[in-house]
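Input: a single structure, listed below in structure tokens.
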Amino acid sequence: MILQSITTICAIGVIAGSSLTLDRPSAGSDTPGAASVPSEMIARGKTVFDIGCSPCHGLEGAGDGPLSANFRTRPRDLTKGVYKSRSTASGQLPTDDDIDRAISAGIHTSTMPPYLKMSPDDRAAVVQYLKTLAVRFTDSTEYPLEVLTFNQPIPATPQSIALGRAAYIKMQCDNCHGAFGKGDGVSSELQHDDFGNYVHTTDLTNASDFKFAQSAQDVYRIFSTGMNGSPMPSYAGTLQDSDRWHLANYVWGLHGGER
Ligand code: HEC
Ligand code: HEC
């Protein structure tokens, strides 16, 4: 199922040494729409959304809630179905787990709070409700999703970090993130996302500057899949698996590996 669609997803290419299979399958994540989701679950998700999310994201999810006006980074227009933090190939929809992760962890450096204390049932319901807001989720041509599998991580030894540093330069991450990761590369200014927000190029030496990543594995995932709708590209097809772990170790080590 996954392999069949590789040819149609040029952006991700074939990840050397890493198969493209679901690592944590969750119901509905690679099937179109919310067709199989009980209507009570959608109704519950709508209640959660209307109360907790619509003040920012707007009642229709278009990112135009009453609180949104003065935010530097505007709440996402969820009707577009464009998600920055995913485990799926560049340009693809997110899995349910990806959406759930963004809600639980929030988006650090933006106004989007973490919903760690929301009950798992409410979170699962709001995930399904979000999928009804964007028509992309009902389009069967968007499926199946290609989900990244994480092979065994490589320990962050000095040797791995040195190899990661070499990959960082070879892949020209420094163009945007700067020679030493401070977010001051030649192309770091005037970056915007597809929603018209100015996006600051992440200072990789500052733990507080990451929006999503909370581990070297998250770094591996994010530069592999890219951030849809954002200038941050996907590097899935361009680096072999071991080099991607070295690079993740280097990047995560730039701020001491803690947050
Ligand atoms: C205080 C405002 C605020 C509230 C409340 C809020 N969000 Fe957000 N949300 C944002 C902003 C701002 C962004 C865009 C961040 C960015 O692009 O950097 C965002 C982005 C998102 C994304 C995109 C994640 C991705 O990978 O790109 C999802 C999904 C989301 N919000 C869901 C929710 C849900 C569900 C709720 C309620 C449970 C909620 N938000 C409540 C402000 C908010
Ligand atoms: C064209 C410019 C550009 C290049 C090249 C680039 N990045 Fe980025 N990167 C960005 C921008 C802009 C953001 C912030 C995006 C946002 O907030 O929407 C970002 C964000 C990130 C993040 C932070 C994710 C988070 O949790 O917030 C990581 C990690 C990252 N980049 C790693 C890399 C690595 C590693 C490379 C090279 C393989 C690379 N980037 C190449 C522009 C770039």
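Under the condition of being modelled with pLDDT under 95 and either open to solvent by less than 40 Å² (accessible area, probe 1.4 Å) or at positive phi (or both), the residues counted in region 55-74 number 2.
Looking for whichever is open to solvent by 40 Å² or more (accessible area, probe 1.4 Å) and either within 21 Å of the chain's Cα centre (by Cα) or among the charged types (D, E, K, R) (or both) here; the options are TYR115, TYR143. Which one fits? Only one candidate qualifies: TYR115.
What about GLN172, is it open to solvent by 40 Å² or more (accessible area, probe 1.4 Å) and within 16 Å of ligand 2 (Cβ to nearest atom)? Lay out the reasoning, then the answer.
On the way: open to solvent by 40 Å² or more (accessible area, probe 1.4 Å): yes; within 16 Å of ligand 2 (Cβ to nearest atom): yes.
Yes, satisfied.
Quick check on my filter: what residues within region 35-78 are closer than 21 Å to PRO120 by Cα and among the acidic types (Asp, Glu)? GLU40, ASP50 - these are the residues of region 35-78 that are closer than 21 Å to PRO120 by Cα and among the acidic types (Asp, Glu). Might you check whether a residue that is open to solvent by less than 40 Å² (accessible area, probe 1.4 Å), under 19 Å from CYS56 (Cβ atoms) and within 16 Å of ligand 2 (Cβ to nearest atom) occurs anywhere in region 126-135? No, region 126-135 contains no residue that is open to solvent by less than 40 Å² (accessible area, probe 1.4 Å), under 19 Å from CYS56 (Cβ atoms) and within 16 Å of ligand 2 (Cβ to nearest atom). Whether any residue in region 87-99 is open to solvent by less than 20 Å² (accessible area, probe 1.4 Å), away from ligand 2 (no atom under 14 Å from the Cβ) and of a type in the set (Ser, Thr, Tyr) is what I want to check. So far as region 87-99 goes, yes, one or more of its residues are open to solvent by less than 20 Å² (accessible area, probe 1.4 Å), away from ligand 2 (no atom under 14 Å from the Cβ) and of a type in the set (Ser, Thr, Tyr).
The lone criterion from (1) at pLDDT below 95; (2) in contact with a Gly (Cβ under 8 Å, 6 or more places away or on another chain) left unmet by VAL82 is number (1). Of all residues in region 193-209 being open to solvent by less than 30 Å² (accessible area, probe 1.4 Å) and outside any loop (DSSP other than H, G, I, E, B), which is modelled with the lowest pLDDT? Of everything passing the filter in region 193-209, ALA207 is modelled with the lowest pLDDT. Of all residues in region 31-76, those satisfying the criterion of being assigned to a loop (DSSP other than H, G, I, E, B) and within 10 Å of ligand 1 (Cβ to nearest atom) are GLY61, GLY63, GLY65, LEU67, PHE71, ARG72, THR73, ARG74, PRO75, ARG76.
Here PHE212 meets each of (1) touching a residue at least 60 places away in the same chain (Cβ under 8 Å); (2) near ligand 2 (Cβ under 10 Å from one of its atoms); (3) touching a Phe, Trp or Tyr at 6+ places or on another chain (Cβ under 8 Å) with one exception, condition (3).
The values are calculated or read from the model by the stated rules, or taken from the named source; none is laboratory data. Remember, predicted model here, so these are calculated numbers, not experimental data. In this analysis, Cβ positions are derived from the backbone assuming ideal geometry, glycine residues included, and neighbour counts consider all displayed protein chains. Just the protein is used for accessible areas: all its heavy atoms, side chains included, with ligands, DNA and RNA removed. Shrake-Rupley method; radii C 1.70, N 1.55, O 1.52, S 1.80 Å.
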